[in-house]
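Have a look at the structure below, then the notes.
Read-outs throughout are calculated quantities, based only on the coordinates presented, and are distinct from any laboratory measurement. All of these numbers come straight from a predicted model, not from anything done at the bench. When we count neighbours, we look across all protein chains shown, and the Cβ atoms used for this are built from the backbone with ideal geometry, even at glycine.
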Amino acid sequence: MKLIKSYISIISIIIFSLLIVGCEDNNDPELLFDDTPAVRIQKDIDELRNTLKSSPDGWKINYFTGVDRGLGGFTFLFNFLNNKEVIMDSDFGNPDINRRSLYDITLGSTVKLTFTTRNVLHELSDGANFPNNDFIGQGYRGDFEFLLVSYEGDDIIFKSNRNRSNIIRFTRATADDWTNLDTHQTIMDVLANSGGSLGYDNAGNVSKFNFDSATRYATNTDGTAPDFGIAYTPTGIIISPAVEVNGIEYSEFTMSADETKFTSSDGLFSIEIIKAPIDMSQAWLTAARPGFVPQAFIDLFTAAKTTHDATFAAFPLSDIFDVGGSTLSITFGIGGTIARHGLNFSGVIGDPTLLDVSVGAPGTNWQFVPWFDPMVNYIADNAPYQVNQTSPTRVELTSEADPTITFVLLIL
Amino acid sequence: MKNIYIYLISALSIFTSCDYQEDPITDSNLDTTTPELSTTDVWLRDNYAIPYNIDVTYQWDEGRVDLNRFLFPPFLDNVVPAMNAVKTIWIDSYNQVGGVDFVRKVAPRELVLVGGFNLNEDGTRTLGFAEGGKNIVLFEVDLIDFSNRASVIEFVKTVQHEYTHILNQTIRFDEEAFQQITPADYTAQWFNPADTQERFDIANSLGFITDYARLNHTEDFAEMVETLLSNTATEYAAILDNIKTRIIQNAVSQAITNLGPGATAEDIAIATNAATVTAQPEADRAVNLIRQKEAIVADYYARQLNIDIYELQKVVAENVDKVIN
């Protein structure tokens, strides 16, 4: 009996012990953070809102909307006036500094800044406002919703909600940024009026680009370097992607006083505006005769004419022909019609007195006259040429490599 | 006795250990304060949310539109004028003819506003769309010219079209009878050929009021309503007359082309007369088919909605005048 009693006592103690342990308050999960998710999200939203409002002169972005799609960069300034309203200015579109639009910060896939009513930024996202027909329905492929990534020093890093690989850096704007925006136009005008030809010499490798003002994009024309987008600054340009030269990446450039090139801050690398020293789109012409073209060219012409006239007796080759003109080509008269081949005329990096000429695309009837090719190649092979314009209607082009080769062009 | 002490100690331990006080419930961690309403918000609340339970979304919400499109929200200043036009021309007109509670009873729950064109990459544009009778997306809010009657009608006709779908989803129309009028000519390729005039001519000659009406019978029905409510009775009659005229003109033009370049004036006169005579039945048939559809539309409005659509047409036209500057 005593044994049974002691068992009861022991069992009771065990049960009570279990109950005591069971009632211990240890049900709360261990928190990795001090606050609940809801609180942390709200704190992040508040922090972003307060940071955006804290910059007295607002924020600036150089927004490259699609470097991989052939689009350059656009500068925007934002001033977050209060918890809801923002004003903007830009070197793009039709900005109205007095227009107050709305913004909001919400939780998307992360904390998200959305410009919720229209302002100039939205012009990048207007499918009907496109730089060329390749972008119908896409506009400039811009976004007005930005996902918060991080804070880096004074900057805020976002990524586009539409294109998650596109990183956009918000930097603190200065009062000068707002007043200097107009000077972006100076740089734009220089580039727009330059003829669109850019080039650089990267450690001996020369690359040329065609710049399109509408897309703000420079396309490499000789397959020697990557294309790049351009954004304007008050003093020059920013390019994306950066160019690597001798292990250094260059992206910011200042325009020279003579408006001929954009130079890096260390002065070691420049992107040059290549201007032809003469306007070849005028109606220049010359003749396969002594005094106009070199004898070697006359010989090529004679050979071509012999073959041509024997083949197409009804379409004899004339010895007077056009060079340049609105079609930028060499155009031979053959009977009552023409045979045409495109020529590319451009300047030469580092020497504004030289005219470079390269072979362009075949044009009208060229497929019937392959015996004309040596003449076109001769002109291109002896480029570049020193340009000596003796009057508005007469110019001498002398080969830089062989000074005995001179073409005389006239406007009649 | 010793055991009693043990039991007592154990019991007290239980009471003590279970004496756990929950934290008092505090305020929500979420921001539950009522957002501050702007004058635009107040106007929309007073004119849409409270009377009709319609939420007008003018601030960007990516979930409301197709993210693959390059769209954007409207200018804040354009929201109230645009929505006032919609209310006056659409809601007020229906309520005037169908009874004060008409739109309150059957309405989309949400109108989403977009500033510009919904331009497709092929250059065509979508004016609006409705999803399941719940929401209607209205494009081109920033492009309305309130001094131009056609511009205002162009904007509101999207609502007239989409609202027809919502009415149809609530009360069916006689779909069997309607789709038997032009059963063979519905096509998913309604947008071909690319030339708008040519496309309209083909659709009209087949008995459709617009090119888009060829997509299917529900769109056909909505296009009929949209056309009736976007034109006065006189303008609508002129549209039908013009359909006849163009069918005959096209037949004459084709007949003259077939004559070739050597045709004399007499040849042309004969061909013109012949084509006019032979095309007349085709022209009459096309308009007759459209009139048959119109009859089903009018019957639906009268029987199912207790609305005389011709009276509604008149009231809409009057209300359009109210919003033109």
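Laid out as a table, the results:
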read-out: Between the range A:264-322 and the range A:200-218, the alpha-carbon center distance in angstrom; value: 26 Å
read-out: Inter-chain Cβ neighbour average for residues A:134-141, partner chain, 10 Å; value: 4
read-out: Positive dipole terminus of the protein assembly as shown, leading residue within A:LEU409, B:PHE173, A:GLY70 (C-beta point charges); value: B:PHE173
read-out: Charge context of A:THR398, other residues only, Cβ under 14 angstrom, K/R +1, D/E -1; value: -4
read-out: Kirkwood Rh, angstrom, the protein assembly as shown [1 / mean 1/r, Cα pairs]; value: 33.2 Å
read-out: Tail beyond 25 Å, pair distance distribution of the range B:42-189 (Cα, percent); value: 32 percent
read-out: Sum of side-chain charges, A:ASN98 neighbourhood, beta-carbon under 15 Å (Lys, Arg +1; Asp, Glu -1); value: -1
read-out: Radius of gyration, Dmax [the range A:37-173; alpha carbons; angstrom]; value: 14.6, 48
read-out: Net charge dipole size for the protein assembly as shown [Lys, Arg +1 and Asp, Glu -1 on Cβ; Debye, nearest 20]; value: 1140 debye
read-out: Ascending count of other beta-carbon atoms within 10 Å, so fewest first, for B:THR234, A:THR327; value: B:THR234, A:THR327
read-out: Chain B: DSSP helices with Cα axial extent of at least 30 Å and average Kyte-Doolittle hydropathy no lower than 0.0; value: B:233-259
read-out: Residues B:LYS293, A:LYS305, sorted so that the one with the fewest Cβ neighbours within 10 Å comes first; value: A:LYS305, B:LYS293
read-out: The range A:283-410, dipole about Cα centre (Lys/Arg Cβ +1, Asp/Glu Cβ -1), debye to the nearest 20; value: 360 debye
read-out: The range A:183-273: C-alpha pair distances exceeding 20 Å, %; value: 24 percent
read-out: Residue-averaged beta-carbon neighbours from other chains (10 angstrom radius) around B:24-32; value: 2
read-out: Cα-based Lys proximity count in chain A, under 30 Å, for pairs eight or more positions apart or on separate chains; value: 18
read-out: Where only C-alpha atoms are counted, convex hull volume of the range B:196-325 per residue in Å³; value: 136 Å³
read-out: Principal axis dimensions, largest first and in whole angstrom, of the range A:283-410 by Cα; value: 46, 27, 25
read-out: Options B:VAL106, B:ILE239, B:PHE191, ranked by Cα towards positive dipole end of chain B, top entry (Cβ charges); value: B:VAL106
read-out: Distance histogram for the range A:299-346 (every C-alpha pair counted, 5 angstrom bins, percent rounded to whole numbers); value: 5, 21, 27, 23, 14, 8, 2, 0
read-out: Among A:PRO294, A:PRO277, A:PRO95: highest mean-square fluctuation, GNM of chain A, C-alpha pairs under 10 Å; value: A:PRO294
read-out: Selected from A:PRO352, A:PRO290, A:PRO241 as most flexible by GNM, with chain A as the system and alpha-carbon contacts under 10 Å; value: A:PRO290
read-out: Mean Kyte hydropathy of -1.0 or more with a Cα span along the axis of at least 27 Å, helices from DSSP in chain A; value: A:2-22
read-out: Environment charge of B:ASP201, counting only residues whose C-beta is closer than 11 Å and scoring Lys/Arg +1, Asp/Glu -1; value: -1
read-out: Total charge dipole magnitude, the range A:188-334, about the Cα centre, Cβ charges on Lys, Arg, Asp, Glu only, Debye to nearest 20; value: 420 debye
read-out: Gyration tensor over alpha-carbon atoms, the range B:249-325, equivalent ellipsoid semi-axes in Å; value: 44, 18, 7
read-out: Most fluctuating residue given options B:GLY260, B:GLY207, B:GLY99, as computed from a GNM of chain B linking Cα atoms under 10 Å; value: B:GLY260
read-out: Selected from A:LEU32, B:VAL320, B:ALA283, residue furthest toward positive end of dipole (the protein assembly as shown; charges at beta carbon); value: B:ALA283
read-out: Three semi-axes of the equivalent ellipsoid, chain B, Cα gyration tensor, whole Å, largest first; value: 59, 22, 21
